[in-house]
Amino acid sequence: MSKIKGAVIIDTDRCKGCALCVAACPFGLLEVAPRRVNRKGYPYVIQHDDDRCTGCASCGIVCPDGCIEIYRTKTED
Amino acid sequence: MTREDIIQPQNLVYAKPSLMNDVGMHYCPGCSHGVVHKLIAEVIEEMNLADKTIGICPVGCAVFAYRYLDVDWLEAAHGRAPAIATACKRLWPDRLVFTYQGDGDLACIGTCETIHALNRGEKITLIFINNAIYGMTGGQMAPTTPLGMKTATCPYGREAELHGYPLNITDMAATMPGTAYVSRQSVHNVAAIRKAKRAIRKAFENSMNGRGSNMVEILSTCNAGWKMTPLKANQWMEENIFKLYRLGDLKDE
Ligand SMILES: Cc1ncc(C[n+]2csc(CCOP(=O)(O)OP(=O)(O)O)c2C)c(N)n1
Ligand code: SF4
Ligand SMILES: [Mg+2]
């Protein structure tokens, strides 16, 4: 059966940690990195589990700063 | 399949719009302005109008919009963007001319320009970012502030007796013979963002097809001014702002 697989690249230097993407991800795969800040002093978001990502783009679409790049493809396993 | 197999150029489905510059935006974390900037960039890109677009910046938090989208821009004095847009479009009728204005800019100090440009049927689009307060100057009450909402200048909540009633300028625009397309949208979730993009596209197409005037209001959050987290601000808007300002197309002729 073919499965949809996704992956995201988060520009953590551009991210301000607003966490709107965290709420938008249907699988809860994103989180604000605990006790970390980027070079501008903002907390930033990471994907803590990328295996279940389907590349639905919800996180990217709600991101006000355009920090998230999304890839999607199909596998046959 | 590894992450590296998925991250290939042919699998790219979403990215920062190419018309959005790499320079970081000064907006507060979670501010709706950024989402709307992205939509405008995407629509201009999809309509292939990057070289033919003139945006007019407001005074307000979006005063630096010209730094963020790679099209031509002019900076207007507070509230005067529709007057500048009128001149641009009349001098260069083949250009996509739009204003980008907050509620303090469009519905308070610039009310006169807004109403007359709209009612003259100028072939322009007004993008109206209504976050119900003056964001840039510290969250003061605006004409658009709902009754009961607390702001820096009505700390006990807006009262009709003292402060008058919220001004619904977009409903007013829809009643004017000069307007072609008037829509109210929001950008608080994925579905709303998709709809807002379609509305902006329609308004821009009208402007290019000699149909005007067009206005797209985006109900927005100013989480910093509202003193809430970005997520809470979206929820608060759904509960308190949507019942005052009706979402959807108000006029489409
Ligand atoms: C002539 C003039 N009057 C007042 C100001 C102060 N001022 C700057 S921004 C602003 C209001 C901005 O509010 P809004 O248009 O809602 O934009 P937001 O920041 O909320 O996006 C005001 C009153 C000014 N810059 N110029
Ligand atoms: S003050 Fe409000 S409108 Fe201005 S950038 Fe911050 S959140 Fe956005
Ligand atoms: Mg405002």
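The values are calculated or read from the model by the stated rules, or taken from the named source; none is laboratory data. These numbers were taken from a predicted model, which means no experiment stands behind them. A quick note on method: Cβ atoms are made from the backbone with ideal geometry, for glycine too, and the neighbour counts reach across all protein chains shown. The protein model used for the area step is the full one, side chains on, heavy atoms only, and it has no ligands, DNA or RNA in it. Shrake-Rupley method; radii C 1.70, N 1.55, O 1.52, S 1.80 Å.
Per Stokes-Einstein, at 25 °C and 0.890 mPa s, what whole-number D in µm² s⁻¹ belongs to the protein assembly as shown, with the Kirkwood radius over Cα pairs as the hydrodynamic radius?
In µm²/s, the coefficient rounds to 121.
Using only the alpha-carbon atoms, what does segment B:204-253 span along each of its principal axes? Please give whole angstrom values in decreasing order.
Principal-axis extents of the Cα atoms in segment B:204-253, largest first: 42, 20, 13 Å.
Which residues in segment B:5-44 have a backbone N closer than 18 Å to a point placed 7 Å from the Cα of B:Phe64 along the Cα-to-Cβ line?
Inside the label zone: B:20-38.
Using every pair of alpha-carbon atoms in segment B:144-253, split the distances into 10 Å bins beginning at 0 and state the percent of pairs per bin, rounded to integers.
All Cα pairs considered, the percentages come to 14, 39, 31, 15, 1.
Over the alpha-carbon set of segment B:83-198, divide Rg by the Kirkwood Rh and report the Rg/Rh ratio to two decimals.
Here Rg/Rh amounts to 1.01.
With a 1.4 Å probe and every protein chain left in place, tell me how much accessible area B:Asp51 has, in Å² to the nearest 10.
140
Share of segment A:2-76's accessible area from carbon and sulfur, percent, 1.4 Å?
48
Dipole of segment A:2-76 (Lys/Arg Cβ +1, Asp/Glu Cβ -1, origin at the Cα centre): which of A:Ala24, A:Pro64, A:Thr75 lies farthest to the positive side?
A:Pro64
Per-residue mean of other chain beta-carbon atoms within 10 angstrom of the beta-carbon, peptide A:17-29?
3
Translational diffusion coefficient, Stokes-Einstein: compute it for chain B using the Kirkwood radius over C-alpha pairs as Rh, at 37 °C and 0.692 mPa s, and state it as an integer in µm² s⁻¹.
Roughly 179 µm²/s, to the nearest whole number.
Can you put B:Phe204, A:Phe27 in order of accessible area, largest first, using a 1.4 Å probe?
Order by accessible area, largest first: A:Phe27, B:Phe204.
How crowded by other chains is B:31-43, given as the mean number of beta carbons from other chains within 10 Å of each beta carbon?
For peptide B:31-43, the averaged partner shielding equals 3.
Which value, in debye to the nearest 20, describes the size of the charge dipole of the protein assembly as shown about its Cα centre when Lys and Arg Cβ atoms bear +1, Asp and Glu Cβ atoms bear -1, and nothing else is charged?
280
Roughly speaking, to the nearest percent, how much of segment B:164-236's 1.4 Å accessible area is carbon and sulfur?
Carbon with sulfur: 55 percent of the solvent-accessible area.
Compute the accessible area per residue over segment A:2-76, keeping the other protein chains in place, probe 1.4 Å, unit Å².
Per-residue accessible area for segment A:2-76 comes out at 47 Å².
Just tell me how shielded A:49-62 is by partners: mean number of partner chain Cβ atoms within 10 Å of each residue's Cβ, no decimals.
The shielding value for this peptide is 4.
If one takes the accessible area of chain A alone plus chain B alone and subtracts that of the pair, with a 1.4 Å probe, what total in Å², rounded to the nearest 100, results?
In total, this chain pair buries about 2600 Å².
Across the Cα atoms of segment B:1-53, what radius of gyration and what greatest pairwise Cα-Cα distance (Dmax) are found, in Å?
14.3, 43
Give the Cα extents of segment A:1-59 along the principal axes, in whole Å, largest first.
Its Cα atoms span 45, 17, 17 Å along the three principal axes.
For B:Val190, A:Val32, B:Val35, give the ranking by accessible area with the largest first, probe 1.4 Å.
A:Val32, B:Val190, B:Val35
Give me the 1.4 Å probe accessible area per residue for chain B, excluding ligands and nucleic acids, in Å².
On a per-residue basis, 42 Å².
Which of these, B:Val23, B:Val216, B:Val63, has the largest mean-square fluctuation under a Gaussian network model of chain B (Cα springs below 10 Å)?
Between B:Val23, B:Val216, B:Val63, it is B:Val23 that shows the largest mean-square fluctuation.
Taking the Cα centre as origin and putting +1 on Lys and Arg beta-carbons and -1 on Asp and Glu beta-carbons, what dipole magnitude results for segment B:149-207, to the nearest 20 debye?
Computed about the Cα centre, the dipole is about 500 debye.
Given the protein chains as shown and a 1.4 Å probe, how many square angstrom of B:His78 are accessible, to the nearest 10?
Answer for B:His78: close to 70 Å² accessible.
Please identify which residues in segment A:3-27 have an amide N closer than 15 Å to a label point set 7 Å out from the Cα of A:Thr75, following the Cα→Cβ vector.
A:3-8
Amide H neighbours of B:Thr53 under 5 Å, at least 5 residues apart or on other chains, H built in the peptide plane: list them.
B:Asp72, B:Leu96
Describe numerically, in nm with one decimal, the distance between label points set 7 Å from Cα along Cα→Cβ at B:Gln10 and at B:Leu247.
Distance between label points: 3.8 nm.
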